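Undergrad: Before I ask anything, here is the structure I am working with.
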């Protein structure tokens, strides 16, 4: 006991979830099938039905809030007010003869009005298509905006602000002069959203809602485009309600005893985690959603911190990068720490592996504030699948992808030395919109969707311990020696080894003699060094600190697949336009290496190029 880590001896807060209970089928061809024995909970008919039910149950309860510009006071709508506005939008769409074969394209980010447009489309049975606002505001050529438009062929386009999106509107008008543009302000050439919400609903709205089935397409979401232009993925009401039913099937508490949840959300609704899992989950729980205009990037994360002084969420979900920045902030600010943990029941991360270092720092903060560790959970999935696995039990480990949701079958298929993840179930899409060729390639002969990731059991003899992420099959590469490098496991280990100096990194080395790293420094590290030596360039000092950390990593790393020979610190942030990063903050390994080919060449030049730090003896 005296040699034990004190944090590891502290108990966790209870997590009201059922223990794992899975069945595993091992085939002669090496494939492994995994299913959850826990049954699905009852499924709603659609998200539109679910929202109408919650509005009838508690019409006065706050549904969604966001701040007035300039970090002003919170404004928002109750469930009842939101339902009335959504039904007005639905009637407006129906009055124009729109239906399942049409679409509404949403080009701006999260907002109260964006939520109303989404719910109005759900109710009318008109697919909504939220796309990253970076396609309109940051892109210089609007290539992805044009691609999204041609894929879904919308009749209506919604944006928050007519002036900010004027350039994007001009691009879209060139593609279709008959488009109708709707904005909140009703600026030049657009219809004010207030005209839609003021439309009086008729019996046609209720009839449209009643016509919805699990097969009805609720929205189209686009993939990140890591291997080309983004692919449009139909999201049916059945896919979305089955995720909710799967999660509910794992709950181990009485719904009547649950407090009304409140959450703070920054991740964009153009992605599955926030746009489906969090948004629909909040409706199912009858919770209140606060929109966070901050992001885990320098200059914007301060907004998140200011919001967390006022909003103490019951559940906080985000990308791992946000947890690293949050840990840095709470380590300096006891008031923030107290507010953050006040109501918190568990933390959820996704999209990438949370490093052991960040997890440990979060737990140290939780113990200091509450006397308990906080459960860390994650849901694993993709745009094509919704959530397919979840960590629904208390575990000491991070990096797990959990076990399948009820109703879902996971198949692990031998792929070299790894096991590729494939999935089948009611949460999985039937294919890509208007792209039969890519659809055919995405599924195997048994109808399982190929995720392109690898996973393995923590203990093959005890499957209930869960699966651990084992990298992306498509990202792993061989050195010129023939040695495989597992990017998905090496990258978080390097970030942990270099904490708190790095924000993110990508791994180079395919067909090369050694592993090299391109890394972005953390804003906190740069600020700390700048304050210590005002007026001087902090990069040389930071390079020395990172080199020291990486040499320590190399000393314990073992073979060449884990040792870093050279690295460089990047002075320019990852580019959304170049595909290096999504608006959720996830770095695209392949796109970054392609966009920074000159930097990669410098890492492998002889002698090493400018800005490259050599670690080998």
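Undergrad: In percent, how large is the relative contact order of the chain, given Cα pairs closer than 8 Å and 6 or more residues apart?
TA: Dividing the mean separation by the residue count of the chain yields 13 percent.
Undergrad: Take 297, 517 and order them by how many other Cβ atoms sit within 10 Å, fewest up front.
TA: Lowest to highest Cβ neighbour count: 297, 517.
Undergrad: What does DSSP give for segment 477-614 in terms of the percent of beta bridges that are antiparallel, rounded to the nearest 5?
TA: Values: 12 of 17 bridges.
Rounded to the nearest five, the antiparallel share is 70 percent.
Undergrad: Right, here's the next one. Where does each of 62-75, 94-107 land if you order them by average Cβ count within 10 Å, highest first?
TA: Final packing ranking: 94-107, 62-75.
Undergrad: Given 0.36 nm per residue, what is the gain on full extension from residue 331 to residue 437 after removing their alpha carbon distance, in nm?
TA: 33.1 nm is the gain from fully extending residue 331 to residue 437.
Undergrad: Decide, for segment 415-514, between rounded, prolate and oblate: order the square roots of the alpha carbon gyration tensor eigenvalues as a ≥ b ≥ c, take rounded if a/c falls under 1.5, and otherwise choose prolate if a/b is larger than b/c, else oblate.
TA: It comes out prolate by the Cα gyration axes.
Undergrad: With angles folded into 0 to 90 degrees, how steeply does helix 539-557 sit against the dominant principal axis of the chain? Use alpha carbons for both and round to 10.
TA: In the chain, helix 539-557 runs at an angle near 70 degrees to the longest axis.
Undergrad: Then there's this: Which angle from 0 to 90°, rounded to the nearest 10, does the C-alpha axis of helix 356-370 make with the longest principal axis of the chain?
TA: 70 degrees
Undergrad: Among 383-394, 439-450, what's the highest-first ranking by average C-beta atoms within 10 angstrom per residue?
TA: Highest-to-lowest ranking by the protection proxy: 383-394, 439-450.
Undergrad: Among 559-569, 7-17, what's the highest-first ranking by average C-beta atoms within 10 angstrom per residue?
TA: Those peptides, ordered most packed to least, come out 559-569, 7-17.
Undergrad: Round to the nearest 10 and give me the degree value, 0 to 90, for the angle of helix 301-310's Cα axis relative to the longest principal axis of the chain.
TA: 60 degrees
Undergrad: Percent antiparallel among DSSP beta bridges with both residues in segment 47-212, to the nearest 5? Intermediate results must be reported in sequence, preceding the final value.
TA: Working: 5 of 17 bridges.
Restricted to segment 47-212, the bridges split so that about 30 percent are antiparallel.
Undergrad: For segment 1-89, just say rounded, prolate or oblate: build the C-alpha gyration tensor, square-root its eigenvalues into a ≥ b ≥ c, call rounded for a/c under 1.5, and beyond that prolate if a/b exceeds b/c, oblate if not.
TA: Here segment 1-89 falls in the oblate category.
Undergrad: Same structure again: Relative contact order for segment 47-212: what is it in percent, counting Cα pairs under 8 Å that are at least 6 residues apart?
TA: Values: 278 pairs, mean separation 38.3, N = 166.
Contact order relative to length: 23 percent.
Undergrad: Further, regarding this structure: Once a ≥ b ≥ c are taken as the square roots of the eigenvalues of the Cα gyration tensor of segment 465-617, is the result rounded (a/c under 1.5), prolate (a/b larger than b/c) or oblate (a/b not larger than b/c)?
TA: rounded
Undergrad: Considering only DSSP beta bridges with both partners in the chain, what is the antiparallel share in %, to the nearest 5?
TA: Working: 55 of 87 bridges.
Given both bridge residues lie in the chain, the antiparallel proportion sits at roughly 65 percent.
No value in this document is a laboratory result; all are computed from the given coordinates. Just so we're clear, the structure is a prediction, and the values are computed from it rather than from any experiment. Cβ sites come from the backbone with ideal geometry, for glycine too, and all protein chains shown count toward neighbours.
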